[in-house]
1. Look at B:Asn284 and say whether it is at positive phi and not small (Gly, Ala, Ser).
2. Tell me whether the stretch B:52-75 contains one or more residues that are of a type in the set (Asp, Glu), closer than 28 Å to A:Arg244 by Cβ and away from chain A (no Cβ under 14 Å).
3. Condition first: more than 11 Å from every other protein chain (Cβ to nearest Cβ), touching a residue at least 60 places away in the same chain (Cβ under 8 Å) and farther than 23 Å from B:Asn196 by Cβ. Now tell me which residues in the stretch B:3-34 satisfy that.
4. Residue by residue through the stretch A:199-214, note down the ones that are in contact (Cβ under 8 Å) with a residue 12 or more places away in the chain and more than 7 Å from chain B (Cβ to nearest Cβ).
5. Quick test for you: out of B:Arg214, B:Arg221, B:Arg260, B:Arg185, pick the one residue that is touching a residue at least 40 places away in the same chain (Cβ under 8 Å) and either within 7 Å of chain A (Cβ to nearest Cβ) or touching a Lys or Arg at 6+ places or on another chain (Cβ under 9 Å) (or both).
6. Within the stretch B:136-159, can one find any residue that is part of a strand (DSSP E or B) and either basic (Lys, Arg) or at the interface with chain A (Cβ under 7 Å from one of its Cβ atoms) (or both)?
7. Check the stretch A:161-177 and report whether any residue there is buried (at least 22 other Cβ atoms within 10 Å of the Cβ), closer than 15 Å to A:Ala21 by Cα and polar (S, T, N, Q).
Amino acid sequence: MSTLPGPLTGLRVLDFTTAWAGPMTGRILAFLGAEVIKIESSKRLDGWRQHTAVFNPKRFPDGEAGERPYNRNALFNSQNFNKLSLTLDTKNPTGLSLVHRLAAISDIVICNFSAGTLDRMGVGYETLKTLKSDIIVIEMPGFGNSGALATAMANGATMEMAAGMCAMIGYPDGPPTTTGQVYPDPMGGYNGAAAVLTALMHRQATGEGQYIEMPQVEASMQFIGEELLYAFATNSNPQPHGNRVRWAAPHDAYRAAGTDQWVTIAVETDEEWQTLCRLAGFPGLASDERYAAFANRWDNQDALRETIESWTSQHSKFDIAEQLQATGIRAAPVQDSADLHASPYLKARNAFVRLTHPEAGTHDYQTLPFKLSETPGAQTTASPCLGAHTRQILTEILGLTASELDELDRSGITSNIPA
Amino acid sequence: MSRQALAGFTVLDLSESVAGQFCCRMMADFGADVTLVENPGGSSIRSTGPFDPKTGESLLFFHLNHGKASITIDTGSEAGRDALFALLDKADAVVVGKTIDREEIARRNPRCIVGFISDFGDDGPYAHWRGSEMIFQALSGMMYVNGRPDREPLYGVGHRASYAAGVGAYIGLLSALYARKSTGRGQIVSLDVAMNTSSMAPPSSLEYAYSGIRVRRGDDRQPFMSLKCCDSWVGVWIYPHTWASFCEAIGRPEMASDERFTTGALRQQHWAEATAMAQEMVGNLPSDDLVDRLMKQRVLVAKAYQALELRDKVQHLIDRNYWQSVETDNGPRTILGPAYRFSATPRTVRGGPPPHAPANASESAPANAGRSA
């Protein structure tokens, strides 16, 4: 059905996912050209459609839920581009048999429910490989399929805690801090796609499919590998220390002009420090021995906040960053969501694509950063309304008749309205 | 040795970046023959911290390069350039940064996948900018939401944006390798760390496009709660259907019917009070007890593990044989377990990172890998 010009064109993916990490894995494969069929039960929607959640106006076009809020939620609509939406009640034997028929002509199955859910649904790897011998199945449990925490539930926030990250992040003596709202979620999205591609390369070379366990906490831990190894080498735990780093000082976010506006500045060398003092008009500081040499400056960096902010607070965060970067000093505005949409850099990278969603209207959506020169992939279609492609998929791919489709609707096995 | 997913692929790592070296290390993890190409002074990552205080080794270099071979090439000399081109002509994939002419590689070896990873690309308004973890996080929209509303935003830790970009590049390179079977041709795969980071930012960017409402730092922490036990911090995520179970588990069941907390909207409004009341109950508890109690009630919870605890005490990781080790010139060193566990093609690490061989065109295998270079 899909004819996107991507490197994975011709592959079919069944997507049993919810919230962020799993849907993002499917989104990446769809961006790269695979036909991704998102399967939801009308009795259990993707959690990011937030069918039963407290209404939060920030998540809806013009702040309005509309008649079908599950089709208008920014959360769901941020991660399901290019996908086809199929509703099937897999607890019903007829629904399950339809999933089996689809699996028999699919290449990949992705799932980020808790460990063992695919088996309980009757679509585990051992079952599916009898239907399609070279199928690739990935499950993305928080902690893994084995071990003391195998049955523990997880989400991005608790995974960042469990991966050892949060304990390294925070104000001095403050609580461990979660980041990016739930940073391990998109990490899981990427890791899921990377794992699937690895298995695809093996299948292309040998014809053999396989099962992938992608434990999200363990995969995320790779991203702080050197910090963990340093703790082991020194036999001591890293302590939260605000924005400090080993290699630069000062290295922090400073107040810029406006309300809650911040600019980050990273001074790596003594020469950069002299340049900063000249640009900012701190002649006294340039020769102050508390700051002139790196080691002293590092020890005394917290005392610099007031002086640096006496300069930064007078200027826009964008201007300061431009000015410092022009002299070779690393600096950047701390951008909020509105700034992202106005960013000249992201605009030059075509980081946003304008898409029209049938129930949410026309908006600019962030796209993915992989740029392939010959088989580029693309984000061309807004996230699907619930069940938007049910009839199309069951007719064109499985060859069901109109009367069979009507019967599925009557019995509630397919439905584009949440139960 | 079991079969390897990327067996038979030859990869050159000329990236000189955390993102590029991580991308190539993943390829080595899953079976590609990866060679780190170093100048006579050695990769700059060898002199980037953190360092092992006993041996002086860069632990960043170790983590990014185990399982790779190394070759030293002085690309400033004619002989060096010839040696490099000879390698490039045989490579399936090459990862480079801004200083190498990627078009020339693509012309010489049209079947090669050329990965180009840089902070901001070599065109566009920030082409001259310098990046680092805090810079990427600041620009991405992520840093803005980290921390307290009355204080400076926090960037995070380490090089997570660069690692993520490494995975992004791995996705791009593998998909291009996959397509090569049908197209018969290589291609150039480009990725900016800065754009990659913003692609992972929270959906608040779309929320703003939808509603015009900006999420502020510190807003919206409900339903997440950090609680300090007598020995450690614990993070709890309380869905509406687990609120009563949470109150029960902390020994304050009457909180569930407290009129300040009966609906999600009310809890949102009174979250600081709810957190303070829960904190009173758990301050003297060992964190493992609280985690056990909450897990029994199916409340989403995790301890804020410390690094040493992850190595020595977390039974789950011990059960799973998570920590492994490789040989290095200084003896065995711990490595992290595999990111992905494949039933047919599990990760096999060939050895520690390659020692630096300073002479031109000299090669070294992964440390103590027991194979010929």
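The values are calculated or read from the model by the stated rules, or taken from the named source; none is laboratory data. Worth saying up front: this structure is predicted, and the values here are computed from it rather than measured. With ideal geometry, Cβ positions are generated from the backbone for all residues, glycine too; neighbour counts draw on all protein chains shown.
1. Numbers: at positive phi: no; not small (Gly, Ala, Ser): yes.
No.
2. So in the stretch B:52-75, the residues of a type in the set (Asp, Glu) come out as B:52, B:57, B:74.
Checking which are closer than 28 Å to A:Arg244 by Cβ leaves us with B:52, B:57.
Now drop any that are not away from chain A (no Cβ under 14 Å), which leaves none.
Taking every residue of the stretch B:52-75 in turn, none turns out to be of a type in the set (Asp, Glu), closer than 28 Å to A:Arg244 by Cβ and away from chain A (no Cβ under 14 Å).
3. B:Thr10
4. Initial filter on the stretch A:199-214 (in contact (Cβ under 8 Å) with a residue 12 or more places away in the chain): A:199-200, A:203, A:207-214.
Matches in the stretch A:199-214: A:Arg203, A:Gly207, A:Gly209.
5. Details: B:Arg214 fails: touching a residue at least 40 places away in the same chain (Cβ under 8 Å); B:Arg221 fails: either within 7 Å of chain A (Cβ to nearest Cβ) or touching a Lys or Arg at 6+ places or on another chain (Cβ under 9 Å) (or both); B:Arg260 fails: touching a residue at least 40 places away in the same chain (Cβ under 8 Å).
Testing whether each residue is touching a residue at least 40 places away in the same chain (Cβ under 8 Å) and either within 7 Å of chain A (Cβ to nearest Cβ) or touching a Lys or Arg at 6+ places or on another chain (Cβ under 9 Å) (or both) leaves just B:Arg185.
6. No, there is no match, as no residue in the stretch B:136-159 is part of a strand (DSSP E or B) and either basic (Lys, Arg) or at the interface with chain A (Cβ under 7 Å from one of its Cβ atoms) (or both).
7. Checking the stretch A:161-177: not a single residue is buried (at least 22 other Cβ atoms within 10 Å of the Cβ), closer than 15 Å to A:Ala21 by Cα and polar (S, T, N, Q).
Listed here are the residues, each with its yes/no results for (1) crowded, with 22+ Cβ neighbours inside 10 Å; (2) in contact with a helix residue (DSSP H, G or I) (Cβ under 6 Å, 6 or more places away or on another chain); (3) facing chain B (nearest Cβ under 7 Å).
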| site | (1), (2), (3) |
| --- | --- |
| A:Leu88 | yes, yes, no |
| A:Cys111 | yes, yes, no |
| A:Gly124 | no, yes, no |
| A:Thr130 | no, no, no |
| A:Met140 | yes, yes, no |
| A:Ala148 | no, yes, yes |
| A:Met153 | no, no, yes |
| A:Leu197 | yes, yes, yes |
